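This report refers to the structure that appears directly beneath it.
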Amino acid sequence: MGTAATADAVGTIVNDFSIHVATANGSGSQTSNMVLLRALFQMGVPVSGKNLFPSNIQGLPTWFTIRASKDGWIARKEESDVIVCMNAETAEEDVATARKGAVLIYDDSLRLQEKRPDCVHYPVPFKKLIAECCPDLKLRKLVINMLYVGVCSALFGIDMGELKSALGKQLAGKQKAIDLNLPALEYSANWTKEHLPKKDAFRVERMNANEGKIIIEGNAATALGLMFGGVTVVTWYPITPSSSLCEYLDEYLNRFRLDKDGKRTFAVVQAEDEISAVGMLAGAGWAGARCFTSTSGPGISLMNEIIGLGYFAEIPFVICDVARTGPSTGLPTRTMQGDIYSLMYASHGDTKHIVLIPSEPKESFELAQEALDIAEEFQTPVFLMLDLDLGMNYWMAKRFDYPAAPIHRGKVLTKEQLQEMGGKWGRYQDVDGDGVPYRTIPGTEHPAAAYFTRGTGHTAQATYSEKPEHWKSNMDRLAKKFESAKKRVPKPVVTSDGSKVGLLFCGTTTEAINEAVHELKHKHKVKVDLCRVRAFPFTSEVEDFVDHHERVYVVELNRDGQLRMALSAEVPRLAHKLRSILHYDGMPLSAGAVVKQFRELEGAWGKGTPE
Amino acid sequence: MAGATEAPEAPSNQVNRIGLQKKDYAGSKSTLCIGCGHDLITARLIDAAYDLSLKPENVIKMSGIGCSSKTPAYFMSRSFSFNSVHGRMPSVATGASLANRSLKIIGVSGDGDTANIGIGQFVHLMRRNLDMVYIVENNGVYGLTKGQFSATADKGSKQKYGNVNFMSPIDLCALAVELGCNFVARLFAGNTKMMRQALQAAMAFKGTAFLDIISPCVTFNNHAGSTKSFPYVKDHETALQDIGFVPAYDPTYHEMAAGEEREVKLGDGSKMTLKALGNDYNPTDRVGALKMLAESREQQKLLTGIICVAESQPTFPQMLNMVHEPLSTLPLSVTRPGKAVLDEVMDELS
Ligand SMILES: Cc1ncc(C[n+]2csc(CCOP(=O)(O)OP(=O)(O)O)c2C)c(N)n1
Ligand code: SF4
Ligand SMILES: [Mg+2]
């Protein structure tokens, strides 16, 4: 958490407010939003940026919320302090939902004063200003959004130098665009200083909370992790919110992974669909590549058959699910932790999969590398579970550390080893007692290297078999392998405050929960302990956490309590201690929602009157 | 050896150019119905691989699901093999070739596996030009699920218990030609001589060679009224050419007398010779190939031979500008950029 900002005059709120910007999709608003976000970041103030966009390319309403928080809270805040209406169509609605006392910035042609006399109003003649600072009529609509940045700069004291440098960074290499935007930025700031007397309480002041931090989307962070994890084959089929992951990866690989002759040390293939994308992984992982695809829920549904093949034929590959709101096509541009169950138990028959769950970009970077290792160590598909909020929103994160350890490729027999063994080995034999067999890689030049890979019943020697004892012993070995994975996957992050009550959760709910816990403790005098699950299978520490608490609320972003179901299914004796706190309207979680549900449930359950 | 059981008896002690006997190309014993066309193809694949002296360790065998897709178990046990899921062999093969571009792929599929459930993957595979032989063992039915029609069943063809197919068939050769495949052949499992030559040429060809091999299902589609039965195909087969194969290691080798034959370079130094039989058909003409296929369909003729062939084109790894070494074994020094790279990216983001 950052140090507290300078104490200020009464009625002034420093470095603790959110700006909600309403624009039309495709109007170039992203540059303006990012410039504002970056400038705040560069001023050392903790920030986050959340995009709320339509599943459409142009014209529909889009919102971007920037939260500045001196205390370092970067979760979504339900109520906005400043609302910027750059979209006349949604202005009335945007303003109607504003909290009392909110600051409203809008085009002066909109008559909003009467509508919300309880708010602070800053009408701005945007059309007039843009005409004055942008002579070219055709270009005006591309830069008009930059005007609101200038207005905010003057009103809240956001440093013009930082804004300019942020603009340079955001539009790096596009000097024309910079030259176009800069006058709008400066012109509107100067106009505001002259014409809009300050009537609100919000101010930005320099802090020093962002030392060693970066701003990044989870998808870019994951892509970097994969590149440094030595990924070689990448396949994908476009789907929001996962597309940018493979697009970033493609960009990074082409930039940093060409050999001295300019040849690619990787392959990125846009497949014809998700079945093919994952089919390519089955082939690539089998043939020895560290391979990866990313998708979202609908793609996971399509991939199911081959995921089962990967599990049963024991082929390493990594799938990142950047989840969106489902079922069906659902809300493609909204978030959900909706695929917990469908990843853990993907495909028919007895299947269970390793799932790694990062909660922020740095962890995404690290777990992406882990996923590639674990897939090869356990010779099985491994999932990375993100969601739209992590994948596509802008997060402040610690700078990433260069990987200290070499990669792990698991139990692979070389030609030399085969020679020593006299060519005697069994592809599915449990030699080490951990359920993980040895494999050979196609192309290994030894007459006994080859084996027959199939999704049908097989013996330890990889020969076809329908015998009950062969089937059962193989399934038991696979179960043992999954058990072994418990000791390898990342442990949960447990925070204890000596409470009898716990919150258990995973992924992107973390920030809101941390903030909620702070509020519960300081405002409501209630202590809670935390267990952030980072992987499936659940490790013993997860069980211990539930064992050591009287009651545990499982907080998650879905209707059915999928994480709670999974924990209840895996460790049935814990089920009676678990209750759900759920949030499933497509929006990221806010601290307020957690506090509210927690207090309601504690009121009922905590007083010894369980539901 | 993991994966294989006993090999069928070897025909002789002779060895090929890399010192391997025929039995080194054998697989486990076939469990298909006795007389199944698929077994004939398996036998010819063994012959061709032996004749060509393919190194088994450099070959991978890929398949989907079906009686046909089981056959990779019955040849070349010293080669890695992947019997995947129904209709998805093309994507699995694509992934394998990306991981290790030096491997020669022999893919075996069925008409159901390719023309029904897997038609999408087939179509997209044709566009990629992997270095592979793609064989469809075409019997017009789903053998493994007991005789339902597949999408290659001819209009008017009768099922074993009397149902008649009323829909137009999908001509996989025409599709392959249309999609830019540079080696397209239609063969008959019963035509040993043509298969032996064509299979060698296909294996030697650099790029995707597609072979639609009519392979009767003796159990479910060998009755009167079927257009994919042994008797029907024997009666209706019309060979387009005499096919000759001139291996790279022996450019003087000619199976037939030189005449008005066409020579096609296969990309590895070997050549295929084509001597037209009773027509002036030019298999290097894609449009002509499509026309010929359309006409033969109307005349209910079964033309076998090379339908379309062109000099080999860049394969998928070449199109992707990949390094020559297999991606699967690149060292970490190549696949993990240095610390300076991470620092550079972090600076950009801070
Ligand atoms: C997803 C899926 N659906 C259905 C099946 C059942 N199935 C197995 S083989 C097959 C048809 C195979 O026909 P073909 O490819 O022509 O092979 P053949 O047996 O005729 O050689 C079907 C439908 C399956 N294995 N998987
Ligand atoms: S059912 Fe038909 S295709 Fe299958 S093995 Fe028997 S004859 Fe061959
Ligand atoms: Mg068939």
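The values are calculated or read from the model by the stated rules, or taken from the named source; none is laboratory data. Everything numeric in this text was worked out from a predicted model, so none of it was measured. Don't worry about glycine lacking a Cβ; one is built from the backbone with ideal geometry, like all the others, and counts go over all protein chains shown. Side chains are part of the model used for accessible areas, which takes the heavy atoms of the whole protein and leaves out ligands, DNA and RNA. Shrake-Rupley method; radii C 1.70, N 1.55, O 1.52, S 1.80 Å.
Things worth noting here:
- Among the residues of this structure, A:LYS487 does not count as one that is assigned to a loop (DSSP other than H, G, I, E, B), of a type outside the set (A, V, I, L, M, F, W, C) and under 27 Å from B:ALA99 (Cβ atoms).
- A:GLU305 meets each of the listed conditions (1) in a helix (DSSP H, G or I); (2) at the interface with another protein chain (Cβ under 7 Å from one of its Cβ atoms); (3) open to solvent by less than 30 Å² (accessible area, probe 1.4 Å) apart from (3).
- B:GLN300 being at positive phi and either open to solvent by 30 Å² or more (accessible area, probe 1.4 Å) or polar (S, T, N, Q) (or both): yes
- Highlighted here are the helices (runs of 4 or more DSSP H) found entirely within the range B:47-136 that include at least 1 residues which are within 16 Å of ligand 2 (Cβ to nearest atom): B:67-70.
- Residues that are open to solvent by 70 Å² or more (accessible area, probe 1.4 Å) and either facing chain A (nearest Cβ under 7 Å) or more than 24 Å from B:MET126 (Cβ to Cβ) (or both), drawn from the range B:304-330: B:HIS324, B:GLU325, B:THR329
- Of all residues making up the range A:56-79, the number that are out of contact with any Leu (no Cβ under 8 Å at 6 or more places or on another chain) and either farther than 28 Å from A:LYS141 by Cα or buried (at least 23 other Cβ atoms within 10 Å of the Cβ) (or both): 10
- Residue, surrounded by the fewest Cβ atoms within 10 Å (Cβ to Cβ), within the range B:212-221, restricted to residues that are farther than 30 Å from B:MET319 by Cβ and not aliphatic (A, V, I, L, M): B:THR219
- Residue count for the range A:40-55 under the criterion of being within 18 Å of the chain's Cα centre (by Cα) and surrounded by fewer than 23 Cβ atoms within 10 Å (Cβ to Cβ): the result is 3.
- Taken as a whole, the condition of being open to solvent by 10 Å² or more (accessible area, probe 1.4 Å), more than 7 Å from chain A (Cβ to nearest Cβ) and small (Gly, Ala, Ser) does not apply to B:GLY118.
- In the range A:194-234, the residues that are crowded, with 24+ Cβ neighbours inside 10 Å, of a type in the set (A, V, I, L, M, F, W, C) and not in a helix (DSSP H, G or I): A:VAL204, A:ILE216, A:VAL231, A:VAL233, A:VAL234
- Output for the range A:256-272, where each listed residue is of a type in the set (Val, Ile, Thr) and part of a loop (DSSP other than H, G, I, E, B): A:THR265
- Residue among A:THR325, A:THR333, A:THR265 that alone is more than 20 Å from A:VAL489 (Cβ to Cβ) and within 14 Å of chain B (Cβ to nearest Cβ): A:THR265
- The combined condition, being more than 9 Å from chain B (Cβ to nearest Cβ), open to solvent by 10 Å² or more (accessible area, probe 1.4 Å) and closer than 30 Å to B:HIS324 by Cβ, is not fulfilled by A:TRP191.
- Exactly one residue among B:SER97, B:SER150, B:SER109 is away from ligand 1 (no atom under 16 Å from the Cβ) and either out of contact with any Cys (no Cβ under 9 Å at 6 or more places or on another chain) or open to solvent by less than 10 Å² (accessible area, probe 1.4 Å) (or both), and that residue is B:SER97.
- Verdict on A:ILE275 being at the interface with chain B (Cβ under 8 Å from one of its Cβ atoms), open to solvent by 10 Å² or more (accessible area, probe 1.4 Å) and not in a strand (DSSP E or B): yes
- Each residue in the range B:158-192 was checked for being buried (at least 22 other Cβ atoms within 10 Å of the Cβ) and out of contact with any helix residue (DSSP H, G or I) (no Cβ under 9 Å at 6 or more places or on another chain), and 1 of them qualify.
- Going through (1) within 11 Å of chain A (Cβ to nearest Cβ); (2) within 9 Å of ligand 1 (Cβ to nearest atom); (3) open to solvent by less than 10 Å² (accessible area, probe 1.4 Å) one by one, B:VAL85 falls short only on (3).
- Residues being away from ligand 1 (no atom under 15 Å from the Cβ), assigned to a loop (DSSP other than H, G, I, E, B) and open to solvent by 40 Å² or more (accessible area, probe 1.4 Å) - total across the range B:19-33: 2
- Selection within the range B:198-211: residues that are open to solvent by less than 10 Å² (accessible area, probe 1.4 Å), not in a loop (DSSP other than H, G, I, E, B) and not aliphatic (A, V, I, L, M). The member of this set that is nearest to B:ALA115 (Cα to Cα) is B:PHE210.
- Any chance B:ALA209 is more than 16 Å from ligand 3 (Cβ to nearest atom), closer than 30 Å to B:GLU311 by Cα and more than 14 Å from chain A (Cβ to nearest Cβ): yes
- Among all positions in the range A:439-458, there is no residue which is open to solvent by 10 Å² or more (accessible area, probe 1.4 Å), more than 14 Å from chain B (Cβ to nearest Cβ) and outside any loop (DSSP other than H, G, I, E, B).
- Within the range A:559-566, one or more residues are hydrophobic (A, V, I, L, M, F, W, C), closer than 26 Å to A:SER364 by Cβ and open to solvent by 60 Å² or more (accessible area, probe 1.4 Å).
- Test for A:TYR464: is it within 14 Å of another protein chain (Cβ to nearest Cβ), aromatic (Phe, Trp, Tyr) and surrounded by fewer than 20 Cβ atoms within 10 Å (Cβ to Cβ): yes
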